[in-house]
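Heads up, the thing below is written out as structure tokens.
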Amino acid sequence: MATPMTPAQWRTALQAEGVKFTEYSNWTTRGRDSATGKTFGPVHGVLNHHTAGSNSLKAVAVDGAPALPAPLCHTFLPKTGIAVMVSCHRANHAGLAASNVIAAIINEKTLPKQNKATTVDGNDCLYGIETENLGDGKDAYTKAQYDAWVRWNAAICRHHGWGSGSAAGHLETSVEGKIDPKGPVEGYGSRGKFTFSMKQLRADVAERLKHAASWSPGTSSTYTVASGDTLWSIAAAKLGDGNRWQEIATLNGLLHADAIAPGQKLKLPPK
Ligand SMILES: [Zn+2]
């Protein structure tokens, strides 16, 4: 349970986490609170969506959808990876959520299958991001977009002192048959193309939260073995942790820790 972030807290958290963003007009006052008579909060988690469309900024910010007045999220994330803040108040994005899943999000437990018998209004308690993607299983999230997506989730979790278990996907909470988010991702850090999953997003958020907010996912590099090197000393010098020597051994298919020689080129994992 937590109090929704203020505009100043949003800006501070996003900037610290390295999320590039712009501010859509009136985002600090736009919301569904007075229209519904229900104030946003306390907040329990973060809900991730894909737009199932393109150029949806105006729709999610002001136009809304049929029978669904805007705002439709707190943040819109286009292919550029430059997020747009559209609201910090109550937004129409979550719909009805299964109570058993919300309870698991609060406790950061593995999310159960939705029990549709008991529901809550997810718009009461979840932050929402609409990430631009056609949702056709072919349209790919760009590398910049996915990187910003991970950072955005981590920024909120870090602000509230939450772990990655507070991040969920619409398909995990909805009792209305939602299937988002899904689709291919161009890459992340040193990782090549992969298929989006909430499991992977949570793992990437968890990895971010282990580091300082200023951290960036690394890229792998090559190192030429010098005289006197050991895998341990290379791991200590290049990865900041001698105990990571085993990762280097595995990455290079080395059967013995001493199977290196000066001049040999080693692949190093991201730092
Ligand atoms: Zn959705």
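Things to note:
So that you can scan it fast, the table gives a plain yes or no per residue for (1) closer than 22 Å to residue 100 by Cα; (2) surrounded by 18 or more Cβ atoms within 10 Å (Cβ to Cβ); (3) over 14 Å from the mean Cα position of the chain (by Cα):
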{"residue": "130", "(1), (2), (3)": "no, yes, no"}
{"residue": "133", "(1), (2), (3)": "no, yes, yes"}
{"residue": "138", "(1), (2), (3)": "no, no, yes"}
{"residue": "144", "(1), (2), (3)": "no, no, no"}
{"residue": "167", "(1), (2), (3)": "yes, yes, no"}
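- Hits in region 174-216 - residues which are touching a Phe, Trp or Tyr at 6+ places or on another chain (Cβ under 6 Å) and either more than 16 Å from the ligand (Cβ to nearest atom) or among the β-branched types (Val, Ile, Thr) (or both): 185, 188
- Residue 93 vs. criteria touching a Cys at 6+ places or on another chain (Cβ under 9 Å), crowded, with 21+ Cβ neighbours inside 10 Å and assigned by TED's automatic domain parsing to the domain that holds residue 116: yes
- Residue count for region 34-54 satisfying the condition of being away from the ligand (no atom under 16 Å from the Cβ) and in contact (Cβ under 8 Å) with a residue 24 or more places away in the chain: 9.
- Of all residues in region 147-180, those satisfying the criterion of being in a loop (DSSP other than H, G, I, E, B), touching a Gly at 6+ places or on another chain (Cβ under 9 Å) and not aliphatic (A, V, I, L, M) are 162, 176, 178, 180.
- Residue that is farthest from residue 83 (Cα to Cα), among those in region 147-173 that are among the hydrophobic types (A, V, I, L, M, F, W, C) and away from the ligand (no atom under 16 Å from the Cβ): 162
- Screening residue 100 with (1) surrounded by fewer than 20 Cβ atoms within 10 Å (Cβ to Cβ); (2) farther than 18 Å from residue 171 by Cβ gives one miss only, at (2).
The values are calculated or read from the model by the stated rules, or taken from the named source; none is laboratory data. Note that this is a predicted model, so its numbers are computed, not measured. Virtual Cβ from ideal backbone geometry, glycine too; neighbours counted across all protein chains shown.
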